[in-house]
1. Can you tell which of A:127, A:186 is out of contact with any strand residue (DSSP E or B) (no Cβ under 9 Å at 6 or more places or on another chain) and at negative phi?
2. Somewhere in the range B:51-60, is a residue in contact with a helix residue (DSSP H, G or I) (Cβ under 6 Å, 6 or more places away or on another chain), more than 27 Å from residue A:118 (Cβ to Cβ) and buried (at least 17 other Cβ atoms within 10 Å of the Cβ)?
3. Among the residues of the range B:19-48, write down those that are farther than 28 Å from residue B:89 by Cα and either out of contact with any helix residue (DSSP H, G or I) (no Cβ under 8 Å at 6 or more places or on another chain) or modelled with pLDDT of 95 or more (or both).
4. Considering the range A:87-115 alone, what residues qualify as being in contact (Cβ under 8 Å) with a residue 60 or more places away in the chain and either in a helix (DSSP H, G or I) or crowded, with 17+ Cβ neighbours inside 10 Å (or both)?
5. Take the residues in the range A:196-214 that are part of a loop (DSSP other than H, G, I, E, B) and within 16 Å of residue A:143 (Cβ to Cβ), then tell me which one is farthest from the chain's Cα centre (by Cα).
6. One residue is enough: does the range A:139-154 have a residue meeting the conditions over 13 Å from the mean Cα position of the chain (by Cα), surrounded by fewer than 22 Cβ atoms within 10 Å (Cβ to Cβ) and closer than 20 Å to residue A:59 by Cβ?
7. Condition (residue is without any contact (Cβ under 8 Å) to a residue 40 or more places away in the chain, under 27 Å from residue B:98 (Cβ atoms), over 11 Å from the mean Cα position of the chain (by Cα) and part of a loop (DSSP other than H, G, I, E, B)) applied to the range B:73-87: is it met by at least one residue?
8. Are any of the residues in the range B:61-68 part of a loop (DSSP other than H, G, I, E, B), facing chain A (nearest Cβ under 10 Å), modelled with pLDDT under 95 and more than 19 Å from residue A:156 (Cα to Cα)?
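The values are calculated or read from the model by the stated rules, or taken from the named source; none is laboratory data. For clarity, every value in this text was computed on a predicted model and none was experimentally measured. Counting neighbours? That spans all protein chains shown, and the Cβs are built from the backbone with ideal geometry, glycine included.
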């Protein structure tokens, strides 16, 4: 079967109720040129599961240059624990130098985080994904009812596929809850980022991440200063579905 | 080929920021004259033509473009740089392409 024949929608339906390990097996059976995107947080469970199937599975992380020291130490711990050469992707130096020269080191507090994230995360990610046929993420539905509620266990990547290059994206943890992920971490003695012990749930760059209080959603620990009303381009479900009701 | 642009009008009657930004880029890129028709998805009117088109094509972000080929087949573009590159033979800057990708994939920055 050629990669172009991989029917992501059919596989997503078929594997929707399967365990993450089964979804990883599917991914690794079909794609040699595949890598896991490791954020330095609880998606470490993917690495733990994958090395049991393919011990030399490729893993990469986005080194924005602004991660917590704890996260860098954790990435190093994962390299040693699993004997994996975790690939760290760095931002384009020219683009980063221009951003910092023009706007300083904390422009995201004033202008919003997207420009900085675009340079430090998304551009390096795009560069890496252009070299792969498939990637694996730790995205889960419970991370954001608004934007991740429909995350399938596998999909054709609509953001980074091109007419010349189809890319597939596996989200094996899609149907797991945070509680289930942590159960796996405890049961399997998986190392975790020490920031989790300090109240952090969602972990990103140091200036843009803070711990949350009990019962606060994890997303409240990221970009808390930004105004939700600026996200105004959605054709909201209420409007889109209004007709025929 | 016939290109329809769907832009959004907010509940207070103002245009959405991204729609205005894309309109400006169409002008700057010298391709505005390739857009045959502009319709609105008006938050104040669930029956507006733009919202009807969004429902029909399963689109949940504005602006978007519907390209109708000579054979009547419709292709939807929700990302401006892809319309520019694949239909209008133009090219956006790498920075603009990244911004377009992020606008259409609001979860990417959480990676």
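1. Numbers: A:127 fails: out of contact with any strand residue (DSSP E or B) (no Cβ under 9 Å at 6 or more places or on another chain).
Answer to the check: A:186.
2. Yes; the residues of the range B:51-60 include at least one that is in contact with a helix residue (DSSP H, G or I) (Cβ under 6 Å, 6 or more places away or on another chain), more than 27 Å from residue A:118 (Cβ to Cβ) and buried (at least 17 other Cβ atoms within 10 Å of the Cβ).
3. Residues of the range B:19-48 that are farther than 28 Å from residue B:89 by Cα, as a first pass: B:42-48.
Selection gives B:44, B:47, B:48.
4. Of the range A:87-115, the ones in contact (Cβ under 8 Å) with a residue 60 or more places away in the chain are A:106, A:108-109, A:112-113.
Passing the criteria: A:108, A:109, A:113.
5. Of all residues in the range A:196-214, those part of a loop (DSSP other than H, G, I, E, B) come to A:199-204, A:210-214.
Subset that is within 16 Å of residue A:143 (Cβ to Cβ): A:200-204, A:212.
Numbers: A:200: 16, A:201: 14, A:202: 11, A:203: 11, A:204: 10, A:212: 20 Å.
Only one residue tops the list, namely A:212.
6. Scanning the range A:139-154, I find no residue that is over 13 Å from the mean Cα position of the chain (by Cα), surrounded by fewer than 22 Cβ atoms within 10 Å (Cβ to Cβ) and closer than 20 Å to residue A:59 by Cβ, so the answer is no.
7. The answer is no; no qualifying residue exists.
8. Narrowing the range B:61-68 to residues part of a loop (DSSP other than H, G, I, E, B): B:62-63.
So of that shortlist, the ones also facing chain A (nearest Cβ under 10 Å) come out as B:62-63.
Of the ones still in play, those that are also modelled with pLDDT under 95 are B:62-63.
This time we only want the ones that are more than 19 Å from residue A:156 (Cα to Cα), so: B:62-63.
Yes.
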